[in-house]
Amino acid sequence: NRQRTVIYEKRRQDGVEVLCFHSKQRCATCIAIEKNARAAIDSAFADRLADGTLSFRIIDISKPENEAIAEKYQVTWSSLYIVSHKNGQEKAENMTEFAFSNARKSPGEFKKGLVDKINEMIKRITKK
């Protein structure tokens, strides 16, 4: 497991990742988080997705190949993280509570908050 984590970290270049974790059983809120995150990211960051500055990953933590990344972020159930990588340093923002509070009941607020946080993280990695 440690080896998989090291391999993952070595191949990561500067950029921002949105990590949407889920388990095999998915509730309506978990599904809404993925759907609304994907919609917000696709509409606001098409250019960043295309140039590789931003990536969006859906990670099923029940699969053995995702064990290392789940351990790294100490994820044991549905979670949403935004992670910036710059010069080998990483900063992870846990957006899970915000996502569960807003993705279903206030999707507009969820999308805006997610876009704002991603923009903040992109500014952090693009600063000279």
How are the Cα pair distances of the chain distributed, in percent, across 10 Å bins from 0?
13, 44, 36, 7, 0
Residue by residue through region 24-33, the couplings from Karplus 6.51 cos²θ - 1.76 cosθ + 1.60 with θ = phi - 60°, in Hz, x for Gly and Pro, are 4, 7, 10, 8, 4, 5, 4, 5, 5, 4
Which order do the peptides 85-98, 26-39 take when ranked by the mean count of other beta-carbon atoms within 10 Å per residue, highest first?
26-39, 85-98
For region 30-90, the charge dipole (Cβ of Lys, Arg +1; Cβ of Asp, Glu -1; about the Cα centre) points to a positive end, and the Cα of Thr53, Asn66, Ile41 closest to that extreme belongs to Ile41
Per-residue HN-Hα couplings for region 41-55 [Karplus 6.51, -1.76, 1.60; θ = phi - 60°; Hz; x = Gly/Pro]:
5, 4, 7, 8, 10, 4, 5, 5, 5, 5, 8, x, 5, 10, 9
Karplus (6.51, -1.76, 1.60) ³J(HN,Hα), θ = phi - 60°, over region 106-119, in Hz, Gly and Pro reported as x:
9, x, x, 5, 4, 4, 4, x, 5, 4, 4, 5, 5, 4
Out of residues 5 or more away from Ile59 or on other chains, whose amide H comes under 5 Å of its own, with H placed 1.01 Å from N in the peptide plane?
Cys20, Phe21, His22
Two pseudo-spin positions, 7 Å from Cα along C-beta at Asn87 and at Glu109, lie apart in nanometres by 3.8
Average Cα contact separation per residue, region 17-79, under 8 Å, 6 or more apart, as relative contact order %:
55
Cut-off 13 Å between beta-carbons: net charge of the residues surrounding Asp60, Lys and Arg +1, Asp and Glu -1
+1
Lys, Arg +1 and Asp, Glu -1 on Cβ, resulting dipole of the chain about Cα centre, debye, nearest 20
100
Take the Cα of Gln13, step 7 Å along the line toward its Cβ, and report every residue of region 106-128 whose backbone nitrogen sits under 17 Å from that point.
122, 125-127
Go through Lys63/Lys123; Lys24/Lys111; Lys35/Lys123 and tell me which ones have a Cα-Cα distance over 29 Å in this structure.
Lys63/Lys123
Output the antiparallel fraction of DSSP beta bridges having both residues in the chain, as a percent to the nearest 5.
65
Which order do the peptides 114-126, 64-76 come out in when sorted by mean C-beta neighbours inside 10 angstrom, highest first?
114-126, 64-76
Inter-probe distance in nm under a simple model that places probes 7 Å from Cα toward Cβ, at Thr96 and Glu120
1.9
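Throughout, read-outs are computed from the coordinates displayed, never taken from laboratory work. Keep in mind that this is a model prediction, so the values were computed, not measured. Don't worry about glycine lacking a Cβ; one is built from the backbone with ideal geometry, like all the others, and counts go over all protein chains shown.
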